[in-house]
């Protein structure tokens, strides 16, 4: 197995598990076969850039983010830290923060999609 295959294998498995997706669900969302997902996760196959881009869309990350290794638990740790912080706040403040965070993330996602769309 090449270094690239090892990286692809580990990274896709990590992202799939972080997003709590089965191989079948990931394949369905990306328009791929479950066989392809399995082969990539086992390091038996590599992906075309088009296929990798489809997976990145499912994971809501850019190709650059895909190739940047992150600790497997970094996302979970960030969520837990935010949860612990919010537990000390008043309910109306938590609800307000929830609305604001959702608006910010939605805007970031729209901007990210616009940035990744090729200009014609």
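No lab work stands behind these numbers, since they all come straight from the coordinates. Source: prediction; values computed, not measured. Note: ideal-geometry Cβ built from the backbone for every residue, glycine included; neighbour counts use all protein chains shown.
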Open item on the list: In segment 32-68, whose amide N lies under 12 Å from the spot 7 Å out along Cα-to-Cβ of residue 114? List them in ranges.
Closed with: none
TODO: Could you work out how far helix 91-116 tilts from the main Cα principal axis of the chain, as a 0 to 90 degree angle to the nearest 10?
DONE: 30 degrees
Task: Among 94, 37, 61, residue whose mean-square fluctuation peaks in a GNM of the chain (springs only between Cα atoms under 10 Å) - done: 94
TODO: Could you tell me how many degrees, from 0 to 90 and to the nearest 10, lie between the Cα long axis of helix 74-86 and the main elongation axis, the longest principal axis, of the Cα atoms of the chain?
DONE: 10 degrees
- [ ] Express in whole angstrom the spacing between the alpha-carbon centres of segment 91-117 and segment 1-33.
- [x] 26 Å
Task: Rg ratio (alpha-carbon, reference 2.2 N^0.38 Å) - segment 17-64 - done: 1.05
TODO: Mind giving me the FRET efficiency for residue 61 and residue 96? R0 is 35 Å, r the Cβ-Cβ distance, nearest 0.05 is fine.
DONE: 0.80
TODO: Could you work out how far helix 49-59 tilts from the main Cα principal axis of the chain, as a 0 to 90 degree angle to the nearest 10?
DONE: 30 degrees
Open item on the list: Pick from 41, 74, 92 the residue whose mean-square fluctuation is largest in a GNM of the chain, springs joining Cα atoms under 10 Å.
Closed with: 92
Open item on the list: If the elastic network links every pair of Cα atoms under 10 Å, which of 68, 46, 88 fluctuates the most in the Gaussian network model of the chain?
Closed with: 88
Task: segment 74-116 pair-distance distribution - Cα-Cα, 10 Å bins, rounded % - done: 25, 40, 28, 7
TODO: Mind sorting out which of (1) 14.3; (2) 16.3; (3) 15.3 is the real Kirkwood radius over Cα pairs in Å computed from the coordinates?
DONE: (2)
